[in-house]
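Student: Before anything else, here's the structure in question.
The values are calculated or read from the model by the stated rules, or taken from the named source; none is laboratory data. The structure displayed is predicted, hence computed values, not measured ones. As a convention, Cβ positions derive from the backbone with ideal geometry for all residues, glycine included, and neighbour counts pool all protein chains shown. Each accessible area value is taken on the protein alone, full model and side chains, heavy atoms only, with ligands, DNA and RNA left out. Shrake-Rupley method; radii C 1.70, N 1.55, O 1.52, S 1.80 Å.
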Amino acid sequence: MEFRYSLVDGSMQENINGGDALWIQLVNPNDEEIDKITKEYGIPRDYLHDVLDPFEVPRTEGLKDERPDLFVFSYPIKLSETRYYTRAVSVVLLENVIITARCEDSPIFEKLKNYVIENIKSTQDFDGLVVELAWEISKIFNEFIKHQDLQIKEFENEIRTSTKTEFLQQMIEIQRSLIYFRTGIQENGLVIDNFHNLDYISETKSGKMLMHDLFKENKQAQITIDTLVSMLENLSDLYSNVISNNLNTVMKVLTSITIVLTIPTIIGGLWGMNTAVPIGKHPLAFWYLLALQIVLSLIMVYILKKKDYL
């Protein structure tokens, strides 16, 4: 879908009639929409089409040549409490228009839309939109990382006494999400480093302060994600050890019970044979044998408990 925004009476508004625009948004564009924009503004097709690739990585192009400036960022998408993935959004800076393209939606872009409506007053403000997008992406990365940290802490408390495989599946999902996050955050950091090529940002005091905050937010995300990956690896080892230990405990108890039950089985088998056996004809033979079985079983239970097998 294509959305166009133009300046009307000094404020940015959606242009539903087409025509000239300051900002063009493409959401999950088809080939026809991509071809239309690339021909209209003379930009390389891959600037827009690459966002449809789920494995597209952040990058910059055109910052030191005559091509339009391109910034590609990775942003996170939440599927469930433990499942996340990343997708690419591209920002193309032209002299009189800015074009953004993405495959899937996210709350980030609603915030970006509000920012554009409130702050973009001319083409001189385009660079601020790029920084705002990078800022919102870094913030939502940190929000999702904090949520995953809470999930990992819950797992730490639950898996110590559990052998349910559902925890293993959830940990695999979180681990996969963290790997997506780490790649996206690190590559976004390289794109943010290239912001120094934008004069509007690097030459103003407010721009320098904004870049400082952006670098700090991205760095925080990088450090936190590395910590969580290490924690999850240790948690996976702990989970494997817990399962192994619980399984050993269960097998130990079952083996001990089998040993205890074997004693009356042996005695009953010996005195049940069709041959002459001691006290075989005694009127209280059954009760003597039953008492013997109980005593020997209790002795075996005592020995096993003393050796911590029960």
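Student: Kindly write out, for segment 129-136 in residue order, the coupling ³J(HN,Hα) from the Karplus curve 6.51 cos²θ - 1.76 cosθ + 1.60 (θ = phi - 60°), rounded to whole Hz, with x marking Gly and Pro.
Tutor: My calculation for segment 129-136 gives 5, 4, 5, 4, 5, 4, 5, 5 Hz in order.
Student: Could you sort 131-143, 225-237 so that the peptide with the highest average Cβ count within 10 Å comes first and the rest follow in order?
Tutor: Top of the packing list down: 131-143, 225-237.
Student: Here's something else I'd like to know. Report, by chain and number, residues whose modeled amide H sits under 5 Å from the one on residue 94, excluding near sequence neighbours (fewer than 5 apart, same chain).
Tutor: Sorted by chain and number, the residues that satisfy this are 99.
Student: Rounding to the nearest 20 debye, state how big the charge dipole of the chain is about its Cα centre with +1 on each Lys and Arg Cβ and -1 on each Asp and Glu Cβ.
Tutor: So the dipole magnitude of the chain works out to roughly 2800 debye.
Student: Along the charge dipole of the chain, which of 179, 277, 255 sits closest to the positive end, that is, farthest toward it, with unit charges on the beta carbon of Lys, Arg, Asp and Glu (+1, +1, -1, -1)?
Tutor: Most positive-ward Cα: 277.
Student: Right, here's the next one. Tabulate in residue order the Karplus-calculated ³J(HN,Hα) for segment 102-114, using 6.51 cos²θ - 1.76 cosθ + 1.60 with θ = phi - 60°, rounded to whole Hz; enter x for Gly and Pro.
Tutor: Result, ordered by residue: 8, 8, 10, 8, 6, x, 4, 7, 5, 5, 5, 4, 4 Hz.
Student: Quick one: putting +1 on the C-beta of Lys and Arg, -1 on the C-beta of Asp and Glu, what dipole do you get for segment 39-120 around its Cα centre, in Debye to the nearest 20?
Tutor: Roughly 200 debye for segment 39-120.
Student: In addition: Using modelled backbone amide H atoms (1.01 Å from N, in-plane), which distant-in-sequence or interchain residues come within less than 5 Å of residue 103's amide H?
Tutor: 28, 88
Student: Then there's this: Arrange the peptides 71-84, 20-33 so that the one whose residues have, on average, the most other Cβ atoms within 10 Å appears first.
Tutor: With the highest mean Cβ count within 10 Å placed first, the list reads 71-84, 20-33.
Student: How do 147-155, 181-189, 101-109 rank on mean C-beta neighbours within 10 Å, highest first?
Tutor: Those peptides, ordered most packed to least, come out 181-189, 101-109, 147-155.
Student: Now for a separate question. Mind checking the per residue accessible area of the chain for me, 1.4 Å probe, whole number of Å²?
Tutor: With all protein chains present, the chain gives 56 Å² per residue.
Student: Expressed as a rounded percentage, what relative contact order does the chain have, with Cα pairs under 8 Å and six or more residues apart?
Tutor: Relative contact order of the chain: 15 percent.
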